[in-house]
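Comments concern the structure below.
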Amino acid sequence: MPNNLIELNNISYAYHNLHSETPALQDLSFGVKEGEFVAIVGPSGCGKSTLLSLIAGLLKPEAGTITINNPDGSLHYPKVGLMLQRDHLFEWRTVYKNVILGLEINHLLTPHHLDYVHRLLQDYDLEQFKDKRPSELSGGMKQRAALIRTLALEPELLLLDEPFSALDYQTRLMVSADICRLIRKSGKTVILITHDLSEAISLSDRVLVLSKRPARVKEEVPIRLTLPDASPLAARHAPEFQGYFSYIWEVLTNDQ
Ligand code: ADP
């Protein structure tokens, strides 16, 4: 088994203002292996987005450590790509100008990166829409464009914060299956936050269940499904699916 690419050890974090403090995470520990797809579920307001901000380096833990074990032994923090609930595409830019935005901001408009974007646009069937405006795309196409914008910077670790929750249920099923197939193909290490247990079970290798705020890891549930094919839609019909659902629901709602 590969080592953990990233390890969180006894992390605590609280928000402070003049009059009070809100502890968001307490003594929280887990690791994620290279190439692994981990889903995190937990009650609303328990600290999931705070956790993602800490991993992304946008916040610093008040206690505990985040350690990195790069497969090549180097010490650099993995390049992080963040995908949020809304696609945040800018209407005044074309789809192409949107997907190269991160490269532009980071002064990375090199032939290597632009070739990669070109390949992604082809692979994700957006090539012929690259001169359109975001409002001319379907919800699923917009999420694909947002994913290309994230992948263009070649992140080593993808952080997905409820990336499908703005879509209606039917679109959400199709788009989450589609996007996750593309992400799996890329072999990236992924941490997905979702409040949808079915999504967590069907897409991930392991589900972490967080407690109420301040969040700690209540339970880690490895997911092993017997599947006729590897699609997340097929996963929902696997014989083990309902058992995982009931178990994770029980852990989530049990107040211990
Ligand atoms: P989740 O993503 O699980 O819904 P969050 O990480 O967004 O939870 O928030 C965890 C807790 O921290 C919540 O109670 C929220 O109100 C509080 N919180 C989040 N951001 C801030 C902030 N900037 N200032 C103060 N409290 C915050």
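The values are calculated or read from the model by the stated rules, or taken from the named source; none is laboratory data. Bear in mind that the values here come from a model prediction, so they are computed numbers and not experimental data. Positions of Cβ are generated from backbone atoms using ideal geometry, with glycine treated the same way; all protein chains shown enter the neighbour counts. Surface accessibility is based on the protein's heavy atoms, side chains included, excluding ligands, DNA and RNA. Shrake-Rupley method; radii C 1.70, N 1.55, O 1.52, S 1.80 Å.
Averaging the inverse of every distinct alpha carbon separation and then flipping it gives the Kirkwood radius. What is it for the chain, in angstrom units?
By the Kirkwood definition, the hydrodynamic radius is 19.2 Å.
Taking N as the number of residues in segment 102-218, what is its alpha-carbon radius of gyration divided by 2.2 N^0.38 Å?
1.17
Give me the angle, in degrees from 0 to 90, between the Cα long axis of helix 111-123 and the longest principal axis of the Cα atoms of the chain, rounded to the nearest 10.
The two axes meet at around 80 degrees.
Take every DSSP beta bridge with both residues inside the chain and express the antiparallel ones as a percent of the total, to the nearest 5.
Percentage antiparallel, nearest 5: 50.
Sorted from largest down, what three extents in whole angstroms do the Cα atoms of segment 5-70 have along their principal axes?
So the three principal-axis extents are 43, 23, 19 Å.
Which whole number in µm²/s is D for segment 18-108 by Stokes-Einstein, with the Kirkwood Rh taken over Cα pairs at 20 °C and 1.002 mPa s?
In µm²/s, the coefficient is 130.
Placing unit charges on C-beta atoms (Lys and Arg positive, Asp and Glu negative, everything else neutral), compute the dipole magnitude of segment 34-116 about its Cα centre in debye, rounded to 20.
It works out to roughly 260 debye.
Would you mind checking Lys185/Lys212; Lys60/Lys97; Lys48/Lys79; Lys142/Lys185 for any pair whose Cα atoms are more than 29 angstrom apart?
Lys185/Lys212; Lys60/Lys97
Which of the GluC sites (Glu not before Pro) found in segment 22-105 are in a DSSP loop and have at most 11 neighbouring Cβ atoms, other than their own, within 10 Å?
Here the GluC sites (Glu not before Pro) that fit, given the DSSP loop and packing criteria, are Glu91.
Report the relative contact order of the chain, percent, no decimals, based on alpha-carbon pairs under 8 angstrom and at least 6 residues apart.
Computed value for the chain: 26 percent relative contact order.
Enter the Cα centre distance for the pair segment 24-87 and segment 89-137, rounded to the nearest angstrom.
Computed from Cα coordinates, the inter-centre distance equals 27 Å.
So what's the convex hull volume per residue for the Cα atoms of segment 164-256, in Å³?
Dividing the Cα hull volume of segment 164-256 by its residue count gives 109 Å³.
In the calculated pair distance distribution of segment 55-98, what percentage of Cα-Cα distances lie above 12 Å?
Taking all Cα-Cα pairs of segment 55-98, the fraction more than 12 Å apart is 74 percent.
Taking the chain as the reference, fit the longest principal axis to its C-alpha atoms, fit the long axis of helix 139-151 to the helix C-alpha atoms, and give the angle between the two in degrees, 0 to 90, nearest 10.
Roughly 80 degrees, rounded to the nearest 10.
Give me the dipole magnitude in Debye, nearest 20, for segment 102-256 about the Cα centre, with unit charges on the beta carbon: positive for Lys and Arg, negative for Asp and Glu.
100 debye
Which whole-number value in Å² is the accessible area per residue of segment 1-74, probe 1.4 Å?
49 Å²
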